[in-house]
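> The structure follows.
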Amino acid sequence: MDMSRRQFFRVSGAGLVGSSIAALGFSPAAALAETRNFKLARTTETRNTCPYCSVGCGLIMYSLGDRAKNVVPAILHIEGDPDHPVNRGTLCPKGAGLLDFVHSPHRLKFPEVREAGSNEWKRISWDSALDRIAKLLKDDRDANFQRTSADGKIVNRWTT
């Protein structure tokens, strides 16, 4: 194989450049090893409303777990709903921090009650908590409801 001096320098230069690039970490094998799947690819998308204020901004929550046996559902990502007419995909700082609220170790997951004079909280069922709240609200409404004002006009006011 006859090779001119010019061809020799071209081949040598190309080999030198190729080996230098591979040595510096620009090889396609390293780039392929760095790729990973999009984190929301296997998630379930659920639309919801932000719980913080009365504006009612729309949320999209992405969670893993499809309610199958031995699968613990976990919310991975929360973002604003771009199709929602109120917020059009944007969230305030409270809504943007909603994922931290969901995963907070200090968040109450069960209703608890502290009896008068006690220092300890005890866990109760959801049914008994709702019954207790309804009873306390009804007692307060019955004690403080005002049907008419002092001059006889109907106001139907709950003063507390």
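Derivation of every value follows stated rules applied to the coordinates shown; laboratory data play no part. None of the values given here were measured: they were computed from a predicted structure. Cβ sites come from the backbone with ideal geometry, for glycine too, and all protein chains shown count toward neighbours.
> Whose amide H sits under 5 Å from the amide H of Thr49, counting only residues 5 or more places off or on another chain, with H placed in the peptide plane?
The answer is Leu59.
> May I pose another question? Which of Gly18, Gly58, Gly89 moves most in a GNM of the chain, Cα contacts under 10 Å?
Residue with maximal mean-square fluctuation among Gly18, Gly58, Gly89: Gly18.
> If you compute Rg/Rh (Cα atoms, Kirkwood Rh) for the structure shown, which of (1) 1.37; (2) 1.74; (3) 0.92 do you land on?
Matching the structure shown: (1).
> Related question: Work out the charge dipole of the chain with +1 on the Cβ of Lys and Arg and -1 on the Cβ of Asp and Glu about the Cα centre, then indicate which of Val11, Phe38, Ser54 is farthest towards its positive end.
Val11
> While we're on this one: So for segment 80-160, averaging the separation of alpha carbon pairs under 8 Å that are six or more residues apart and normalising by length, what relative contact order in percent results?
It comes to 13 percent, rounded to a whole number.
> Long-range amide H contacts for Leu76: which residues qualify at under 5 Å (H placed 1.01 Å from N, peptide plane, sequence gap of 5 or more or a different chain)?
Here the answer is Tyr62, Ser63, Leu64, since their amide H atoms fall under 5 Å of that of Leu76.
> Continuing with this model, one more query. Okay, helix-only estimate at 222 nm for the chain: each DSSP H run of n ≥ 4 adds -39500 (n - 2.57), divide by all residues, round to 500 deg cm²/dmol; what do you get?
-10000 deg cm²/dmol
> Measure nothing fancy, just the Cα-based angle from helix 5-23's long axis to the longest principal axis of the chain, in degrees from 0 to 90, nearest 10.
The angle comes out near 30 degrees.
> Set Lys and Arg Cβ to +1 and Asp and Glu Cβ to -1, take the dipole of segment 81-160 about its Cα centre, and tell me which of Thr159, Leu99, Gly117 lies farthest positive.
Thr159
> For segment 112-158, what's the relative contact order in percent, using C-alpha pairs closer than 8 Å and at least 6 residues apart?
21 percent
> Taking only Cα atoms, what is the 0 to 90° angle, nearest 10, from helix 126-144's long axis to the longest principal axis of the chain?
40 degrees
> Relative contact order for the chain using alpha-carbon pairs under 8 Å, separation at least 6, rounded to a whole percent?
9 percent
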